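Q: Handing you a structure now.
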Amino acid sequence: MCRAAVFQLDATYRAVGASPPPELGNIRSAPREETRRDPWEELPFGSPAGVWRSLARLRPAGVHRNRMWRSPLRGPWLTSVLGAVLLVTLPLVTITGLLSYIAYGPRFGQAFPREVGWLRLPAFDWPTSPAWLYVLNQGTHVILGLVLIPVVLAKLWSVVPKLFEWPPARSPAKVLERLALLLLVGGVLFEIVTGVLNIQYDYVFGFSFYTAHYYGAWVFIAGFVVHVALKIPRMLAALRSRSPCSVLRTTRAETRPEPLDSTGLVAAEPAAPTMSRRGALGLVGAGSLLLGVLSIGQVVGGPARRAALLLPRGRSYGSGPNDFQVNRTAEAARIDPADTGESWRLVLRSRNGATRFSRRELLGMPQHTATLPIACVEGWATTQRWSGVRLRELAVLVGVPDPTWARVSSIETVGAFRAATLQSNQVLDPDALLALRVNDVDLAMDHGYPARVIVPALPGVHNTKWVRDIEFGSD
Ligand SMILES: Nc1nc2c(c(=O)[nH]1)N[C@H]1C(S)=C(S)[C@@H](COP(=O)(O)O)O[C@H]1N2
Ligand SMILES: [Mo]
């Protein structure tokens, strides 16, 4: 009992009129314990060993190594199993994220963030085939990202005693390792939180989601690479330490802690197991499965879409053949019906000048039909049968048979996505359309009437609706 508490207790007894029990007096009058002199106190100030040892003495109250983390499941094996899963899957989430950045066409200045300095990614023409490429890319990024949340949380749970290790690092090498860990854990949590908020809500951030998510990814990548390089030998050794089959056969009653070792993961005073390791892995797996079930429907479509509670975008639908999801309605985009009526003209531009076409004239041109998906960066996708005029035929009409780019602009004047630049392969693909109709009827207003762009494998955002103007260039 510390001296202050004794005085307090003493005063309390007196306050209630009782005399303090004799033990209390004994403690009070006990000679003050001599301060123990630690050998490192003699070390010269600033010597590295001295710094670490002083740190060791400054352990904050409440930090007891391993004492409060008593689950008998924690140990190198469990941590390594979860680590191995993330080692294979997190790179997929990361790479599809970076690929999506490239798909946005950074060289046209339309990827976010626009300027990334030396973090620039290699640019290449995003392919137009297979048409479902961007569905696959974003489906993987968003759904796998969601599904891995329980695994990430379980991995963090498995190593949480390390957070309370004191001193936090015993050598300069350990400081670097811990710093990498800070990037890794901070990065992964930041990416999860920003990603999840973005697919749930309309732009709740006070900053650009894309910019934050992009730089957050690099912070995560830096931490991940260092962490994997440092931990892989230990992970492999731990995985070999017991066979997965034996773990899967072990019941709760037979569950024993892993042998106490130097990793600091195994509880020094383990509690009795409340579940087996297979139970714990099953729980994580079930959590992942649930997240998958609650989101995959937005990618595969059909009746499954209604179960996709975690991807609420595009829940407003049209009617009849236009009955498929709308992310941004004509009303939200403040499209004036007067601008889409009889007076609407498509303006085609090139260095040779500008030409205008009415909707009737466009319908009089050769019509082409293609069944193509629209895949939003946020993971949802929908596949429909679109018909209209091929973009490459429109290019010919203004004397640019070999365009290297096309700039599409919308009637819309308010949104961030009212214009997009297409690569040459995205203009020249035989299925790249200025769509006038969908599923054999005119486009609904919400789907971009009088005309919208539909290009195979193009990120959804660049399938501009309510098109007003297309400029073709060959420079
Ligand atoms: N003019 C215009 N076109 C647009 C958008 C927009 O906001 N304005 N949204 C884009 C986005 S982000 C997607 S995913 C696709 C499909 O969105 P929709 O469901 O609103 O049609 O349209 C794209 N075309
Ligand atoms: Mo989108």
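The values are calculated or read from the model by the stated rules, or taken from the named source; none is laboratory data. Note that the structure is a prediction, hence the values are computed from the model and not measured. Cβ coordinates were reconstructed from backbone atoms using ideal geometry, including for glycine residues, and neighbour counts include every protein chain displayed. Ligands, DNA and RNA are excluded from the accessible area calculation, which covers all protein heavy atoms including side chains. Shrake-Rupley method; radii C 1.70, N 1.55, O 1.52, S 1.80 Å.
Q: For the pair Glu342/Phe207, report the inter-label distance in nm, with labels modelled 7 Å from Cα in the Cβ direction.
A: In this crude spin-label approximation the distance works out to 5.3 nm.
Q: Using a 1.4 Å probe over the heavy atoms of the protein chains, calculate the carbon and sulfur portion of the accessible area of the chain as a whole percent.
A: Carbon and sulfur atoms account for 62 percent of the accessible area of the chain.
Q: Summing -39500 (n - 2.57) over the DSSP H runs of n ≥ 4 in the chain and dividing by its residue number, what mean residue ellipticity at 222 nm do you reach, to the nearest 500 deg cm²/dmol?
A: -12500 deg cm²/dmol
Q: Residue by residue, what Karplus-based ³J(HN,Hα) values in Hz, rounded to whole numbers, does region 178-192 have, using 6.51, -1.76 and 1.60 with θ = phi - 60° and x for Gly and Pro?
A: These are the phi-based 3J(HN,Hα) values: 5, 5, 4, 5, 5, 5, 5, 5, x, x, 5, 5, 5, 5, 5 Hz.
Q: Given R₀ = 25 Å, FRET efficiency for Asn439-Leu98 by Cβ-Cβ distance, to 0.05?
A: That gives a FRET efficiency of 0.10.
Q: Over its Cα atoms, what ratio of radius of gyration to 2.2 N^0.38 Å does region 388-475 give?
A: Relative to the rule-of-thumb radius for its length, region 388-475 sits at 1.00.
Q: Right, here's the next one. Whats the longest run of the chain with zero GluC sites (Glu not before Pro) that are DSSP loop and have at most 14 other Cβ atoms within 10 Å?
A: Between exposed loop sites, the widest span is 116-253.
Q: Between Arg170 and Thr274, how high is the FRET efficiency from 1/(1 + (r/R0)^6) when r is the Cβ-Cβ distance and R₀ = 25 Å? Nearest 0.05.
A: The calculated FRET efficiency here is 0.15.
Q: Give the lysines whose C-alpha is closer than 27 Å to that of Lys155, dropping any in the same chain fewer than 8 places away, or say none.
A: In chain and number order, the partners are Lys174, Lys231.
Q: When only the heavy atoms of the protein chains count and the probe is 1.4 Å, how do Arg351, Arg120 rank by accessible area, highest first?
A: Sorted descending by solvent-accessible area, the residues read Arg351, Arg120.
Q: A follow-up question, please. Would you calculate the separation in nanometres between label points at Val293 and Leu87, each defined as 7 Å from the Cα along the Cα-to-beta-carbon direction?
A: Rounded to a tenth, the inter-label distance reads 3.1 nm.
Q: How far is it, in nm, from the label point at Leu136 to the one at Leu230 when both lie 7 Å from their Cα along the line to the Cβ?
A: Distance between the two pseudo-spin positions: 3.6 nm.
Q: Rg over Rh of region 213-287, using C-alpha atoms and the Kirkwood radius, what does it come to?
A: 1.07
Q: Same structure, new question: So how exposed is Phe207, as accessible area in Å² (1.4 Å probe, rounded to 10)?
A: Answer for Phe207: close to 100 Å² accessible.
Q: Sorted from largest down, what three extents in whole angstroms do the Cα atoms of region 75-199 have along their principal axes?
A: 52, 30, 24
Q: Okay, moving on. Using 0.36 nm per residue, how much length does the chain from Val247 to Ala332 gain when fully extended, once their Cα-Cα distance is taken away?
A: Answer, rounded to one decimal: 25.1 nm.
Q: Go ahead and run the numbers for FRET between Arg240 and Ala56, Cβ-Cβ distance against an R0 of 41 Å, rounding to 0.05.
A: Plugging the Cβ-Cβ distance into 1/(1 + (r/R0)^6) gives 0.80.
Q: Hey, how much of the P(r) for region 320-473 falls beyond 26 Å, as a percent of Cα pairs?
A: 16 percent
Q: Provide the per-residue ³J(HN,Hα) series for region 256-267, in order, calculated from phi with Karplus coefficients 6.51, -1.76, 1.60 and θ = phi - 60°, each as a whole number of Hz, with x at glycine and proline positions.
A: Along region 256-267, the couplings run 10, x, 6, x, 4, 9, 8, 6, x, 8, 7, 5 Hz.
Q: At q = 0.16, 0.17, 0.18 Å⁻¹, what log₁₀ I(q)/I(0) does a Debye calculation on the Cα points of region 68-293 give, no solvent, two decimals?
A: -1.18, -1.28, -1.37
Q: Here's a follow-up. Calculate, axis by axis, the spread of Cα positions in the chain along the three principal axes, and write the results as whole Å, longest axis first.
A: 105, 55, 53
Q: Can you give me the long-range amide H partners of Gly264? Hydrogens built in the peptide plane at 1.01 Å from N, cutoff under 5 Å, separation of 5 or more residues or another chain.
A: none
Q: Is region 61-113 rounded, prolate or oblate when judged by the Cα gyration tensor, a ≥ b ≥ c being the square roots of its eigenvalues, rounded requiring a/c under 1.5 and prolate requiring a/b larger than b/c?
A: In terms of gyration-tensor shape, oblate.
Q: Sorted by accessible area (1.4 Å probe), largest first, how do Asp475, Asp261 line up?
A: If we order Asp475, Asp261 from most to least accessible, we get Asp475, Asp261.
Q: Heavy atoms of the protein only, probe of 1.4 Å, neighbouring chains included. What is the accessible area of Thr369 in Å², nearest 10?
A: My reading of the accessible area for Thr369 is about 70 Å².
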